[in-house]
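K.L.:
Sharing a structure, written as structure tokens. Questions coming.
The values are calculated or read from the model by the stated rules, or taken from the named source; none is laboratory data. Remember, it's a predicted structure, so these values are computed and weren't measured experimentally. Neighbour counts are summed over all protein chains in view; Cβ atoms, including those assigned to glycine, are modelled from backbone coordinates with ideal geometry. Surface areas here come from the heavy atoms of the whole protein model, side chains and all, with no ligands, DNA or RNA. Shrake-Rupley method; radii C 1.70, N 1.55, O 1.52, S 1.80 Å.
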Amino acid sequence: MHIDLDELITTPAPADLTGCSLAELRSIRDQYQDVENGLSYARRIVQGRLDTVSVELERRRDGGPDGLLQRLPDALAAHSRGAGLPRPRPDLEPPAWADGLLAGADQALPPTSFARLPDLTDDDLDTAAAALGGLERELSAARNELHRTIDRVQDEVYAREAVALGL
């Protein structure tokens, strides 16, 4: 799968933001934030699936007394907050197109497979983990690229607002 940000972004930011009005900058930023919300949603779903597969593989390899369900809460909580500065809380409803990004995750390991995870072979789980890991890296890279653009637009918005306030 290849995530094409140009297909998701309908209003590209001009190279020179100084020619945009403050209202245009805010509109561009808001649209980018919606795209980021969709990418973030898809990445969290993929990461949760990858964590679940990884926990099952770890459980099998270390042979400890805890089952998958006992180990899962700690594994899923490990990725609940990313590094870096907090961003504004996105709209909680992801855009409709975000589910389309999960097609690769569904191919790697369909949601119905989670009910029978202990029955899958190690090779099946290793293959699914590799595919999910690749998809998670691609989604993260797209988000990082988008964050750079959001930050550039947001810096211009802040600069304009500071001038308007006489700061």
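K.L.:
Around ASP122, what is the net charge, scoring Lys/Arg as +1 and Asp/Glu as -1 over all other residues with Cβ under 9 Å from its Cβ?
P.N.:
Within the 9 Å Cβ shell, the charges total -1.
K.L.:
Once amide H atoms are built 1.01 Å from N in the peptide plane, which residues 5 or more positions from ILE3, or in another chain, come under 5 Å H to H?
P.N.:
Here the answer is none, since no amide H 5 or more places off falls under 5 Å of that of ILE3.
K.L.:
If you don't mind, there's one more thing I want to ask. Provide the per-residue ³J(HN,Hα) series for segment 3-10, in order, calculated from phi with Karplus coefficients 6.51, -1.76, 1.60 and θ = phi - 60°, each as a whole number of Hz, with x at glycine and proline positions.
P.N.:
8, 9, 4, 4, 6, 7, 9, 8
K.L.:
Next question, about the same structure. If you count only protein heavy atoms and use a 1.4 Å probe, how large is the accessible surface of ILE28, to the nearest 10 Å²?
P.N.:
10
K.L.:
What accessible surface, in Å², does a 1.4 Å probe find on ARG116, ignoring ligands, DNA and RNA and rounding to the nearest 10?
P.N.:
Approximately 110 Å² of ARG116 is accessible to the 1.4 Å probe.
K.L.:
May I pose another question? Hey, with R₀ at 22 Å, roughly what FRET efficiency would ARG60 and ASP99 work out to, going by the Cβ-Cβ distance, to 0.05?
P.N.:
Efficiency at R0 = 22 Å is approximately 0.10.
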